[in-house]
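For reference, the structure I am asking about is given below.
The values are calculated or read from the model by the stated rules, or taken from the named source; none is laboratory data. Because the structure is predicted, anything quoted here is derived from the model rather than measured. Please note: Cβ atoms are built from the backbone with ideal geometry, for glycine as well, and neighbour counts cover all protein chains shown. Areas reflect the complete protein model, heavy atoms only, side chains present, ligands, DNA and RNA absent. Shrake-Rupley method; radii C 1.70, N 1.55, O 1.52, S 1.80 Å.
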Amino acid sequence: GISTILADYYESPVAKPYADVFYQESTLDVDAIRTIAEKEKVDFIITACTDQALLTMAKVSEELNLPCYIDYKTALKVTNKQYMKEVFRKNEIPTAKHATLTEFDEECISAMSYPLVVKPTDCNSSKGVKKVENLDELKTAFNEAIKMSRSRTVIIEEFISGDEVSVDVYVKDGVANVLAETISEKIQGNDKFIIYRALYPVLMTEDARHQIQVIAQQIADAFELKNSPMLIQMLYDGEKVYVIEFSARTGGGVKYKLIRRISGFDVISAVVDLTLGIQPEVVVQEPETRYISNEFLYCSPGTFDYVTGVEELINTGIISDFFLFKWQGANITQIENSGDRVAGVTIQGDTIAELKQKHKYAVEMIQVMDTFGNNIMRRDLLTDIDYYDKK
């Protein structure tokens, strides 16, 4: 019952066939989005999974007096890593030692220990985020990050060793409800923090789970979030959890499907309902299966044409979902951030052995073809699922 108007800066994004109207405009172009909204006489503007588009949604909604679950002032706070870190510090929310710089100053990081992580304050999808081991690498990463930052501001922080845990939350009437905790596995040997797998469940102590619940509530209180989705990126060192960053949105890409399989809660429908003035009920159910993995497919350079093997894998129950992120004819150049993934699949199992067996078979069957008939899928990046073998 809702007519959709899609804005995207690509000419043929994968969502285009599903929209009633399409405009080739960047979601970060506030003036362009405002013009579209006025021309089309829209009832609301919505984004679900991206930090910076959240700002556009909040700003234009406020200017045009349209319903929105977050105001512009709050959206600024939850999308700027510099401000975020200041709030963490003031509210004693555990996070890494850090410094915020607009110009490189070695003195400002003199009390910090390598390795360090460099990130623009206002980018998403891990754009510009790099791990560095020495001063020369730090200077290079800083110069690259500051070019990507619209505010020309960079955060440098100490690297905390441990598992990266993605925590999805829905805040209702000020109460933080934890929906799902998943491990975000990154490409091995890569300094750019690119996710290739989201894995459930996270093996952690009950005390650590309690820490997550307490921190989620602290963040909701500190940023005065009353009714909102929330994504918190954390690190778990085996005893304690630390916050990397968070945003008032749900996980990107198709994370909402994984959340639904884990908790039974449809966060996308909840955000739409919330925008329409309907308060969603938050009822967390048991997960569909004991073990669930979202696997993301990356490719060597080439022009993407199609993916094979998927239909048979779905029909035989090897995979439960397939998602396409790129369109036919998309030019694949290099793997720089999470936005470079071409496709993804969901694999589920009631036992670890079942999950591993299905994963191995799926990796062998799936091919991503370019326009010359070559399989360009980086099969080497889909490493065996071995997390659960670790003590």
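So residue 254 ticks every box in (1) at pLDDT 95 or above; (2) touching a Gly at 6+ places or on another chain (Cβ under 7 Å) but one. Which box is left unticked?
(1)
Checking the structure you have, find out if any residue of segment 343-350 is more than 24 Å from residue 181 (Cα to Cα), buried (at least 19 other Cβ atoms within 10 Å of the Cβ) and not polar (S, T, N, Q).
no
In this structure, does residue 339 turn out to be closer than 25 Å to residue 54 by Cβ, open to solvent by 60 Å² or more (accessible area, probe 1.4 Å), out of contact with any Cys (no Cβ under 8 Å at 6 or more places or on another chain) and of a type in the set (Gly, Ala, Ser)?
Taking the combined requirement at face value, the residue does not satisfy it.
So residue 355 clears everything in (1) over 21 Å from the mean Cα position of the chain (by Cα); (2) open to solvent by 20 Å² or more (accessible area, probe 1.4 Å); (3) touching a residue at least 12 places away in the same chain (Cβ under 8 Å) except one condition, right? Which one?
(2)
Given segment 126-185, what strands (runs of 3 or more DSSP E) lie entirely inside it while holding 2 or more residues that are surrounded by 22 or more Cβ atoms within 10 Å (Cβ to Cβ) and either in contact with an Asp or Glu (Cβ under 6 Å, 6 or more places away or on another chain) or not hydroxyl-bearing (Ser, Thr, Tyr) (or both)?
Output list reads 154-158, 163-172.
Quick one: what pairs do we get from segment 134-150, first residue closer than 9 Å to residue 118 by Cβ, second among the small types (Gly, Ala, Ser) and open to solvent by less than 80 Å² (accessible area, probe 1.4 Å), C-beta under 6 Å, 6+ apart or different chains?
145/128
Picking from 357, 285, which residue would you name as being out of contact with any strand residue (DSSP E or B) (no Cβ under 9 Å at 6 or more places or on another chain) and either polar (S, T, N, Q) or part of a strand (DSSP E or B) (or both)?
285
Every residue in segment 334-363 that is of a type in the set (D, E, K, R) and within 18 Å of residue 323 (Cα to Cα), please.
Of everything in segment 334-363, those that are of a type in the set (D, E, K, R) and within 18 Å of residue 323 (Cα to Cα) turn out to be 340, 341, 358.
Among (1) within 18 Å of residue 81 (Cβ to Cβ); (2) modelled with pLDDT of 95 or more; (3) open to solvent by less than 30 Å² (accessible area, probe 1.4 Å), which single condition is residue 218 missing?
(3)
Could you say which residue among 246, 296 is outside any helix (DSSP H, G or I), touching a residue at least 40 places away in the same chain (Cβ under 8 Å), touching a Gly at 6+ places or on another chain (Cβ under 7 Å) and at negative phi?
Numbers: 246 fails: touching a Gly at 6+ places or on another chain (Cβ under 7 Å).
The conditions single out 296.
For segment 376-391: of the residues being open to solvent by less than 60 Å² (accessible area, probe 1.4 Å) and not hydrophobic (A, V, I, L, M, F, W, C), which is modelled with the highest pLDDT? Give the steps one after another, and end with the answer.
If we filter segment 376-391 for residues that are open to solvent by less than 60 Å² (accessible area, probe 1.4 Å), which is where we start, we get 376-377, 381-383, 385, 387-388.
In the following step, the residues that additionally are not hydrophobic (A, V, I, L, M, F, W, C) were identified as 383, 387-388.
Working: 383: 88, 387: 61, 388: 52.
Within segment 376-391, the match that is modelled with the highest pLDDT is 383.
Can you spot a residue in segment 37-54 that is modelled with pLDDT under 90 and among the hydrophobic types (A, V, I, L, M, F, W, C)? Please lay out each step first, then the result.
Our first condition is that a residue be modelled with pLDDT under 90; within segment 37-54, this holds for 48-52.
Among the residues that remain, those that are also among the hydrophobic types (A, V, I, L, M, F, W, C) are: 48-49.
Scanning segment 37-54, I find at least one residue that is modelled with pLDDT under 90 and among the hydrophobic types (A, V, I, L, M, F, W, C), so the answer is yes.
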